[in-house]
Structure formats: structure tokens, C-alpha cells
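Have a look at the structure below before the remarks.
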Amino acid sequence: MRGSNNLFIQPLQTQDSLLLSEILSLLIIDEKRGAKDINDIELDREKQIPDYTWFHHKSIDTHGNIIDKEPNISINNILKYQIPKSDDKNSLYQQFMALERDDDESAIDAYNEVLEILKILSINTDEKTRQFIKALNTIGENNIKALYVGINDKENTNNNNQAPALLAGATTENNNEDENKKKRPKFIGRLATTIIIEDGLWLG
């Protein structure tokens, strides 16, 4: 996760395109970094824009030399970074949805929503600031779960290999709930839950 720099937004509508680009750099998922339009998705990790190039606008050539690169982020067509909704189980949208918990707000829907709001904020309108912060928080919580879900699974499994007979019924009833809690969602960008609302908004 990227947390070495903090962005202070107060208020959002007075900030320039540099701030908007910085928020987008933390938010945009790997598969959409080089997108030319909303349907442009790169699933091959070898062809995706690496973090070093994405965040520093630099690359390393075949001789090991560091070369400057043009920034990849477009603030004129923010919606091209959205993930199109789809019922196709093989679609990227459904890959995210399949790993989300049933009782949580959808992080990938929040991602699409944030991009919608950023488009509005980019034309100096603050009508959706509260909705924007809530959607960012949903994405941040999703990324924390992506980091930590499953860490204690092995220990829990060793301690619960066999359920007592009297608890067998309860164990069966809780199977679906347990499986839901063990779901490890996909990362959405590099945004973590470090949002503190106090005289403004901090993103780290």
C-alpha cells in the first residue's frame, strides 16, 4: 500500500488537477491503469503499468537506465477507469463481486461511484463530497480486508478440526456465514483506510 504522502483537501473544489491526479493514482485499479476507454481492461499482469512507472512517471530501460515517462492519468476522461457492470461470471466486475462478502457494501461499486463523483468534482462542484468520502471509506476497508483476511485461518482450522456432537447442528448452520467471513476480496487501487475527517480530508 502507498502511504508515504498525505493529501489535504479543504475544500475539494479549490484544488487543482495535480490533487485530482494524485487521488486517481491511489484509486485506479491495476487492470485499468492504461485504459483508453471504459471497456479497455488489461488482465495480463506483465502488460500492466508497474507501480514505479505509475507513481513516479519513470521507467527502466533494457540497459538499466532510468528514463522519464509521461504521466498516464487522464483527468479529462475519468470514467474510462470504471469497471463496466456485467453478469458474465468471467468479467472483471464479477471477479471482484465473487470475492466480496455478502453483508458488506460493494467495494467495486464504490470504486465506480468514486470515479463518477470525481468527474463532478473536477468541474468545481462539491454537491457529492459526503458521498465521495463514504465511497472512499468503503474501498479503503475492502483493501484492509484484502491484506489481512485469512491470516488466522490456519490456526483456527487446527483448533477446530472436529466439532463436538452437540454443536454439529450449529456448526452446519454457521458454515455459510463462516465461508463468507473468510472471503478475501481483491485490491482496489492502493487506497487504505486512513481517512480522518477533521478540518478536511486526509488520504494516506
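The values are calculated or read from the model by the stated rules, or taken from the named source; none is laboratory data. What you are looking at is a predicted structure, and each value in this text was computed from that prediction instead of being measured. Note: ideal-geometry Cβ built from the backbone for every residue, glycine included; neighbour counts use all protein chains shown.
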The one condition in (1) of a type outside the set (Phe, Trp, Tyr); (2) surrounded by 16 or more Cβ atoms within 10 Å (Cβ to Cβ); (3) at pLDDT below 85 that ASN142 fails to fulfil
(3)
Restricted to region 27-45 and to residues being part of a helix (DSSP H, G or I) and closer than 14 Å to ILE78 by Cβ, the residue modelled with the highest pLDDT is LYS32
Assess whether GLU113 counts as being modelled with pLDDT of 85 or more, of a type outside the set (Lys, Arg) and either in a loop (DSSP other than H, G, I, E, B) or farther than 19 Å from GLU31 by Cα (or both).
no
Inspect all residues belonging to region 100-107 and state whether any of them is of a type in the set (Lys, Arg), over 15 Å from ILE23 (Cα atoms) and touching a residue at least 12 places away in the same chain (Cβ under 8 Å).
yes
Restricting the search to region 60-87, which residues are assigned to a loop (DSSP other than H, G, I, E, B) and over 17 Å from GLU116 (Cβ atoms)?
ASP61, THR62, HIS63, GLY64, ASN65, LYS69, GLU70, PRO71, ASN72, SER86, ASP87
What is the one condition in (1) hydrophobic (A, V, I, L, M, F, W, C); (2) more than 15 Å from the chain's Cα centre (by Cα); (3) at pLDDT 85 or above; (4) not in a loop (DSSP other than H, G, I, E, B) that LEU18 does not satisfy?
(3)
Of residues in region 54-94 being within 24 Å of ILE23 (Cα to Cα), surrounded by 14 or more Cβ atoms within 10 Å (Cβ to Cβ) and polar (S, T, N, Q), the one farthest from the chain's Cα centre (by Cα)
SER59
